[in-house]
1. From the list L46, L157, pick out the single residue that is within 30 Å of H20 (Cβ to Cβ) and either hydroxyl-bearing (S, T, Y) or surrounded by 14 or more Cβ atoms within 10 Å (Cβ to Cβ) (or both).
2. For residues that are in a helix (DSSP H, G or I) and in contact with a helix residue (DSSP H, G or I) (Cβ under 8 Å, 6 or more places away or on another chain), scanning just segment 74-88, find the one that is farthest from L118 (Cα to Cα).
3. What pairs come out if I take residues in segment 106-125 that are more than 15 Å from Y138 (Cα to Cα) and pair them with residues that are assigned to a helix (DSSP H, G or I) and modelled with pLDDT of 95 or more whose C-beta lies under 6 Å away, six or more apart or interchain?
4. For segment 53-103, give me each residue that is out of contact with any Leu (no Cβ under 8 Å at 6 or more places or on another chain) and of a type in the set (F, W, Y).
5. Checking the structure you have, find out if any residue of segment 71-81 is assigned by TED's automatic domain parsing to the domain that holds Q122 and either without any contact (Cβ under 8 Å) to a residue 24 or more places away in the chain or under 21 Å from N153 (Cα atoms) (or both).
6. Would you pick out the residues in segment 27-73 that are part of a helix (DSSP H, G or I), closer than 30 Å to Q146 by Cβ and small (G, A, S)?
7. Considering only residues that are in a loop (DSSP other than H, G, I, E, B) and at pLDDT 95 or above, which ones fall in segment 122-143?
8. Quickly run through segment 97-121 and pick out the residues that are hydroxyl-bearing (S, T, Y) and assigned to a loop (DSSP other than H, G, I, E, B).
Amino acid sequence: MKKLALDGADLRILAAVQSHGQLSKTKLAELVNLSPTPCWERLTKLKAAGYIIGYRGDIALSKLCDFTMVVVTISLGSHRKADFERFEAQIYAMDEIIDCVATGGGMDYVLKVLAPNLVAFQNVLDRLFSVGVDVDRYMTYIATRQIKSSVPNLTTLVTR
């Protein structure tokens, strides 16, 4: 699909959806200072163009249960495409891995893992490393508290 040329109103719509999730036509229009019908038409175009990929609620996990968060850095021993693909397929298959980025430099991946306890976390690593990919080294970092978790400020990020 053709890429849309986004203007300030489009960015305000995206920021409102990012902050508040699904909104009524009236509430969204109010937040972005547009009349409801044109605002909704813009939202529909943004969705169709793939700018909005989903909606979710942020849950206060610590109110639901105790858990351990661990940040893991991983460097693979071999850098063949098939190894990356197999390893990444395993990452996708594991619900405990909630975040993963591929990196350049000293490590190949940085993961964020949530598990009920350290024994369960070790089981996650055992399953992750069982896919037959050579892991050269890994480091684990137990998270003691979450300092910041946020969505990007679209106005600051998007440059013209």
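1. The unique qualifying residue is L46.
2. Going through the qualifying residues, I end up with R86.
3. Once the first residue is more than 15 Å from Y138 (Cα to Cα) and sits in segment 106-125, its partners that are assigned to a helix (DSSP H, G or I) and modelled with pLDDT of 95 or more give A115/F121; A115/V124.
4. Of everything in segment 53-103, those that are out of contact with any Leu (no Cβ under 8 Å at 6 or more places or on another chain) and of a type in the set (F, W, Y) turn out to be Y55, Y92.
5. Yes; the residues of segment 71-81 include at least one that is assigned by TED's automatic domain parsing to the domain that holds Q122 and either without any contact (Cβ under 8 Å) to a residue 24 or more places away in the chain or under 21 Å from N153 (Cα atoms) (or both).
6. S62
7. A143, the sole residue that qualifies.
8. Of all residues in segment 97-121, those hydroxyl-bearing (S, T, Y) come to 103, 109.
T103 - this is the single residue of segment 97-121 that is hydroxyl-bearing (S, T, Y) and assigned to a loop (DSSP other than H, G, I, E, B).
The values are calculated or read from the model by the stated rules, or taken from the named source; none is laboratory data. The structure presented is a predicted model; accordingly, all values stated were derived computationally and were not measured. Reconstructed Cβ throughout: ideal geometry from the backbone, glycine too, with neighbour counts over all protein chains shown.
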